[in-house]
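Encoded as C-alpha cells, the structure appears first; notes follow it.
Nothing in this text is a laboratory measurement; each read-out follows from the coordinates by a stated rule. The structure displayed is predicted, hence computed values, not measured ones. Cβ sites come from the backbone with ideal geometry, for glycine too, and all protein chains shown count toward neighbours.
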Amino acid sequence: MKYESFTFRTKPPKHYLAPSAEEMQEVAKKVGLKSFSRDFVADLANLAAGGAIQAPSKYRKIIRKKVEERGIKTSSDGEYEMPKGADYTWEKSQYKALDAHTAKEMSYHQNVCDFLESVDISRFPGETPLTQTMSMLKMLSLQKGGASEGGSNGGEILPIFQEDDDNPPGSIKKKLYDQMETVASLTEEELDMLDPEREEVLSVLSKLKIAEELATPNKALMLKVSRKLDQFSKMKSRKTKIEKPNSDGNEMRTRGIEHLGELPQINKPEWATYRKSKKLFMYKAVTGQTPLRERITKEERKQAIFILVDGSGSMSGTKHYKASGVIMNRLKAVIEGNAEVFVSVFDTEMGEVNKATSKEEAKELIKKFTNGNFDGGGTDIAEAVKSAHQYMEDKVKEGAMLYRPEIVVLTDEDSSADGVKKSDIKGSVVHGFAMETNNPNLVALAASTGGVGRENF
C-alpha cells in the first residue's frame, strides 16, 4: 500500500483489516466530525487493534522523499528557504535545507507518536474502537490547532502537534481527559440544565455535544458557578413538613400550652399538680411549661426561591453566564423536587415573573434565561427585594405549599441596597451576589438575614 493512503507511523498487527475510507467517513459523520486526518485515524486504529509505533528510522526516508517531492521555496538569489524556527532564513546548500525541513517534519511526527503512545481512546464514548477514535478526534478538534481543514486526505498536518512548548502532547491529552471526566461527573440535574433537550439515555453524540459545550468558556463558567454554590451550606434547599392542629388528624404531638384557654386540653396527669399546688400549676401554665397533647396533620412544603436578576445592559458577557450558573444551581432544586423557583429581571422595579415548579418548567426556564438579552435602565435593589418578598408572601396566603422564602439578588450595581432592612422582609433570607464589583450594602443585608453575600463574584 502507498504511504500517501495509509500511515507510516504505526504498524498494524498481522491479519488486521484496517477501516476503509468509507467506514471512517461514516463514523465521523455519526459523531459530527466534519474532517479528519486519515493517517491519524489509521494510527489510532492500528494501536487499538494491538499494533505498534514505528521507530523514527523506519520512516525517515519517507519524510525526506515527501519533502523533495513538495519542493523548497527559493529566493531570487537561488537560496533555499529554511523551515520556520530555524536560526536563519535562507540556505545556499539544497542538501542542508532538505535536512532542515526533514528534521522539522520528523519532530512533528515524533510529537504525534508521543501522543499516540499514551492516549487511551477507551476514555471516549463509543461502542467500537473506531467510534471512540472519532469521538477523541471530535474533542481534539475543539482545541486550538486540533481541527483538520482539508477533509480526509491522508497525511494532513495538525498544527496542535507542531512544536509548541506551551502545548505539549501530554498537556493536550490531559485536557481531553479532563473534558470527558467532567461529562462523566455530571449529575442528572446538571445534564438537564446544560442540555435541556438531551436524550434521557446519553448517546455518543449527546455526550460529545455536552463535552463540546463545556469546552466553551460560557457553559464551563455556568457549571463552575453552580458547583461553587453547592458548597454553601446556607443555600441547601430541602422540603419540610409543617405540623398543623387538626381535630381529625391521624397523628398526635405534645407541645407546651400557649394560653389559659387551652387548660381543658392539657394532659390529665397535670391536674395532680393543681391539687397539690395551685400556685405551681398556674406558674407552669402561664410560662408555657404545661404539656398539651393534640391531633395534627403534616403538610409537605417546598422551599420558595425568588431570583432577582439585574437587567441593566452591563450584565452581559461573563456576568450573564455567572448569573446563569446561579440560576442553574437553584433550578436543580426544582428538578430534585425540593423547591419552586421564581425569576424576575428587574431594573428600577421588579419585572415579569417566570416560575419553575417542575422538571419541564425548569428546563424551559434555563433555556429562556441563558438565551436572553437584557436592556433595562436603572437599578433599584431595595425596591425589587421588597416586591419579591411581598410576591411570595401573597403566594403563601393564597395557599401555595411553600416555606422559608429565599431571595437571590444577582447584580453588578454597587449601591441601592441600603433602602431595605431585615425588618422590611421578615421571614425571608437574602443571598446577594455582586458581579465583578463591590456592594457592601447588599452583603450586609444578606448577612443580617442569615444568607450568603459575596462581592466581586
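Structural remarks
- Using C-alpha pairs under 8 Å with a sequence gap of at least 6, the mean separation divided by the residue count of the chain gives a relative contact order of 11 percent.
- Bins of 5 Å from zero: percent of alpha-carbon pairs in the range 181-325: 2, 7, 12, 11, 9, 8, 7, 5, 6, 6, 7, 7, 5, 4, 2, 1, 0
- Convex hull (Cα only) mean projected area of the range 297-399, reported in nm² to one decimal: 6.8 nm²
- Reduced Cα scattering model of the range 316-456, Debye log10 I(q)/I(0), q = 0.11, 0.20, 0.21 Å⁻¹: -0.38, -1.36, -1.50
- Tilt relative to the chain, helix 169-185 - C-alpha long axis, 0 to 90 degrees, to 10: 30 degrees
- Counting neighbouring Cβ atoms within 10 Å and putting the fewest first, the residues GLU364, GLU270, GLU200 line up as GLU200, GLU364, GLU270.
- Sparse packing (at most 15 other Cβ atoms within 10 Å of the Cβ) combined with a DSSP loop state is found for the following chymotrypsin sites (Phe, Trp or Tyr not before Pro) in the range 205-284: PHE232.
- From least to most packed, judged by other beta carbons within 10 angstrom and beginning with the fewest, GLU190, GLU22 follow the order GLU22, GLU190.
- Across LYS207/LYS332; LYS174/LYS219; LYS73/LYS174; LYS279/LYS426; LYS207/LYS359, pairs whose alpha-carbon gap is larger than 26 Å: LYS73/LYS174; LYS279/LYS426
- For the chain, the longest principal axis of the alpha carbon atoms and the long axis of helix 38-48 meet at an angle near 70°.
- Computed over the Cα atoms of the range 257-298, pair by distinct pair, the Kirkwood hydrodynamic radius stands at 10.6 angstrom.
- If the chain linking LYS278 and ILE62 were pulled fully straight, counting 0.36 nm for each residue of separation and taking away their Cα-Cα distance, it would gain 66.8 nm.
- Helix 318-335 vs. the chain, principal-axis angle (Cα, 0 to 90°, nearest 10): 60 degrees
- Of LYS65/LYS175; LYS138/LYS239; LYS144/LYS367, those spanning more than 31 Å from alpha-carbon to alpha-carbon: LYS65/LYS175; LYS138/LYS239
- Using a simple spin-label model with pseudo-atoms 7 Å out from Cα toward Cβ, GLU23 and LYS228 lie 4.8 nm apart.
- Rg/Rh for the chain, where both radii come from Cα atoms and Rh is the Kirkwood radius: 1.21
- Going by neighbour counts of Cβ atoms within 10 Å, the residues THR287, THR348, THR182 line up, fewest first, as THR287, THR348, THR182.
- Nitroxide proxy distance, nm - points 7 Å out along Cα→Cβ at GLU455 and ALA48: 5.4 nm
- Fully extended contour minus Cα-Cα distance, from GLU197 to ARG293, at 0.36 nm per residue: 29.4 nm
- Loop-located trypsin sites (Lys or Arg not before Pro) in the range 217-275 (DSSP state other than H, G, I, E, B) with a sparse environment of at most 15 neighbouring Cβ atoms within 10 Å: LYS236, ARG238, LYS239.
- Kirkwood-based Rg to Rh ratio, the range 10-215, C-alpha trace: 1.04
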